[in-house]
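One structure is given here, and the rest of the page talks about it.
Any read-out appearing in this document is the output of simple, stated calculations on the displayed coordinates, not a laboratory observation. Computed from a predicted structure; not experimentally measured. Heads up, the Cβs are rebuilt from the backbone with ideal geometry, glycines too, and the neighbour counts pull from every protein chain shown.
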Amino acid sequence: MTVYKLDKILDHPLYEGFAFADQETSSFGEDFPEDDFDPVDSDKLSWKPRSLAKDWKPRTVVGRVRPFNDFPCIALSIPAFSGRAVEAIRDLLEENGELLPVDFEGQCYFAYNVTTKLTDALDRKKSKIDWMPGKDATALEVERYAFSPEKLRGQSIFRLAEDPAVILVTDVFAQRVTDHGLNGFDLQPVWPQSTKENRNQKTVSGKLLARESVLFILETKADKPSATERKHLKGLLDELDLNQANAGVDFG
């Protein structure tokens, strides 16, 4: 069995993600709506996942998310799946969390709240953990993972008691992503390959372009761009995207 860190593709312009629209607010009095997805007492080993499904109403998200991107995420860290991805891995998702519909220009996307917490899967003696101060504190970072294999049987998506900020998946999840040709996932193996030196070995779903960075500076008439200027900018960016996408890239 292999365990991966679940991430989105961050270093390619065709895989941009979502953000909550400005009018969206927290349901729990937090500073930002994305904070609602954090577990309760997330700095303690005794943290508990927070349920969102009961009172959830589809929240508006914004962003330049392309139809081929099956894992755009929200605010970089909150998992978000396309309708196509949900149909492919619905059973795994529903077993381990809450699928929460979001509103994006009438298209089908879901935010995902991971609720499965494993309390005894990490072998702390064999792992390398940088702990926060305090008796019941969670980790600042798990630098090297070691697991008890028997504790991972039947698992596909989970958080560890020691590090709730990180979402992990097993090869059950990774294989389903590969089998269905889903795009946008950056799955970094952390166990058994678990040292910083070999974390650059990764499974990326989605074909990437050879690229260089280009900086555009566009002047506006006022401090903030007008609706017309925003429209022109969107047209320019869409044209650039089209040129890149047509440069021999097949997103299947």
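Can you give the net charge of the other residues whose Cβ lies under 14 Å from the Cβ of H180, counting K and R as +1 and D and E as -1?
-1
Once label points are set 7 Å from the Cα along Cα→Cβ at both D22 and H180, what is their separation, rounded to one decimal in nm?
3.6
Taking a cut-off of 21 Å between Cα atoms, list the lysines near K224, but don't count ones fewer than 8 places away on the same chain.
Within the straight-line cut-off, K224 pairs with K234.
Identify all aspartates and glutamates with a Cα-Cα distance to K231 below 18 Å; exclude those on the same chain that are fewer than 8 residues away in sequence.
Within reach: E105, E219, D223, E239, D241.
With a ≥ b ≥ c the root eigenvalues of the C-alpha gyration tensor of segment 15-110, is it rounded (a/c under 1.5), prolate (a/b larger than b/c) or oblate?
It is oblate, given that a/c is not under 1.5 and a/b is not larger than b/c.
Taking 0.36 nm per intervening residue step and subtracting the Cα-Cα distance, what contour gain separates E87 from K221 on full extension?
Length gained between E87 and K221: 43.6 nm.
Within segment 85-157, list the GluC sites (Glu not before Pro) lying in a DSSP loop whose Cβ has at most 15 other Cβ atoms in a 10 Å radius.
When the GluC sites (Glu not before Pro) of segment 85-157 are filtered for loop state and at most 15 Cβ neighbours within 10 Å, E105 remain.
Say the cut-off is 24 Å between C-alpha atoms; which of K126/K151; K5/K48; K5/K44; K5/K54 go over it?
K5/K54
Take the alpha-carbon centre of segment 55-86, take the same for segment 114-152, and report the distance between them in whole Å.
Cα centroid to Cα centroid, the span is 28 Å.
Between R153 and E95, with labels modelled 7 Å along Cα→Cβ, what's the label distance in nm to one decimal, could you check?
1.4
With a sphere of radius 10 Å drawn around the Cβ of V61, what net charge do the other residues whose Cβ falls strictly inside it have (Lys, Arg +1; Asp, Glu -1)?
So the surrounding residues net to -2.
Modelled label-to-label distance, E229 and R124, 7 Å Cα→beta-carbon offset: nm?
Distance between label points: 5.5 nm.
Taking just the C-alpha trace of segment 90-190, give me its Rg and Dmax in Å.
15.5, 49
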